[in-house]
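Remarks on the structure that follows.
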């Protein structure tokens, strides 16, 4: 009797995250615990509050003299006008504290805490899933795909360029990232019907967002906060960052084009060819190019209502007024309108919405588990220790080496502290003054921070990539096979540009 050798299957996104969660727990036993003192501003009392490593608070006048005495080289106005909202680390205050290892019970609890901590994002994703379920059942997407396929025949890659550039614009201006989750169910059928695979769709959306946020120009959640915390204007290095963004997007689009061209010429060249039928079954279930659904007034109106929500959402987020609660409320209102437009009975509309939301339960749980990893490291008090280690590495280095190593270290820190604003306020008061010791502009440190953290986001499991892959049924190893060469190219490009910035 012949026994067939079982083919190795790469672990699911959940398994990958739980392995990393265990490793994070192990690190809390190995890496010494430590903290910097933190400085925050009390708007009601108009005072600074200094919290030491024991959790004790001291109050100081909210003046420039206070900042100077603490060796925090930034203007006090940045606190007074609300530019700096989060507590910042105070230079030269790092102290080791009692170890706080995270045992088995902490590891088991952390995913629950992660889910609770990210419930706002989860609600947003589930509502989107419900809307997608409603729209799919009406045949709106299928009819739209057929209409668009006619228009773009022979020029399909223009869609990739258009999608990537629009999303990159959102990334570089206001950090468009989590919001792009809504685009996959819409664009995936269009890309598949155009002869591409799921990886091309992911690359167009995810890399548009990632390159845009990596090479941020005026993003208030990263480069502006980092510049404020470094004590400089965000306009320093703005032109340089803008040029770098254009070049990086050009490189990325060429890379995607080369892969997409191979897929068009022979579908077997796809890295996920073995999953082609399964993915097409999910996203092109009811689409038949030989039996085109009529794109009638009802379907056009449903699509218009859905798409109209996106510019409203972008306005709300970019103006700084909205976050996930407001975005969820917007799309919930859209869901009510679309449910009415479908013509379904009340029971059918509700059940269809719930079925659509249920399709994304796996995605929202991944978001919660990813957050659990950060919770374990925060509770283990090792993030500040890693920052202290990395800052000691780069003192008194050669200019070009200093900039390159800064970027690599920020990539490392970005894995453990995925929040762009959190990493900026924690690290900039410590890292920025080191630029003075090697006689380079602090704008170089801001650029290195932004590029380093953004570069790591291409693959970091604690970020958005695993939730993205779960949405489109692509495994992490296939994404790594596609993206690592581009990651290497962008990394070399960024380091060369950083070295150039140090001499400009």
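Pairs are defined by a Cβ separation below 6 Å, a sequence spacing of at least 6 or placement on different chains, a first member in the stretch 245-261 that is not assigned by TED's automatic domain parsing to the domain that holds residue 212, and a second member that is surrounded by 21 or more Cβ atoms within 10 Å (Cβ to Cβ); no pair meets this definition. Taking the stretch 384-398 as the range and being more than 12 Å from residue 434 (Cβ to Cβ) and surrounded by fewer than 22 Cβ atoms within 10 Å (Cβ to Cβ) as the test, the residues that pass are 385, 386, 388, 389, 398.
Looking across 229, 248, one residue alone is within 30 Å of residue 425 (Cα to Cα), surrounded by 11 or more Cβ atoms within 10 Å (Cβ to Cβ) and in contact with a strand residue (DSSP E or B) (Cβ under 8 Å, 6 or more places away or on another chain). It is 229.
May I ask you to verify whether residue 196 is surrounded by 24 or more Cβ atoms within 10 Å (Cβ to Cβ) and not in a helix (DSSP H, G or I)? For residue 196, the condition - surrounded by 24 or more Cβ atoms within 10 Å (Cβ to Cβ) and not in a helix (DSSP H, G or I) - is met. Among the helices (runs of 4 or more DSSP H) lying completely within the stretch 104-162, list those that include at least 3 residues that are modelled with pLDDT of 85 or more. Hits in the stretch 104-162: 104-117, 119-138. Has the stretch 366-373 got any residue that is in a helix (DSSP H, G or I) and loosely packed, with under 15 Cβ neighbours inside 10 Å? No, that holds for no residue. When the residues of the stretch 98-123 are filtered to those that are out of contact with any helix residue (DSSP H, G or I) (no Cβ under 7 Å at 6 or more places or on another chain) and surrounded by 15 or more Cβ atoms within 10 Å (Cβ to Cβ), the one that is nearest to residue 33 (Cα to Cα) is 99.
Listed by position, the helices (runs of 4 or more DSSP H) enclosed by the stretch 414-484 that each have at least 3 residues that are under 19 Å from residue 234 (Cβ atoms) are 420-437, 442-456.
Residue check: residue 212 meets all listed conditions (1) at pLDDT 85 or above; (2) surrounded by fewer than 23 Cβ atoms within 10 Å (Cβ to Cβ) but one, namely (2).
The values are calculated or read from the model by the stated rules, or taken from the named source; none is laboratory data. Note that the coordinates shown come from a computational prediction; the quantities given were computed from them, not determined experimentally. Reconstructed Cβ throughout: ideal geometry from the backbone, glycine too, with neighbour counts over all protein chains shown.
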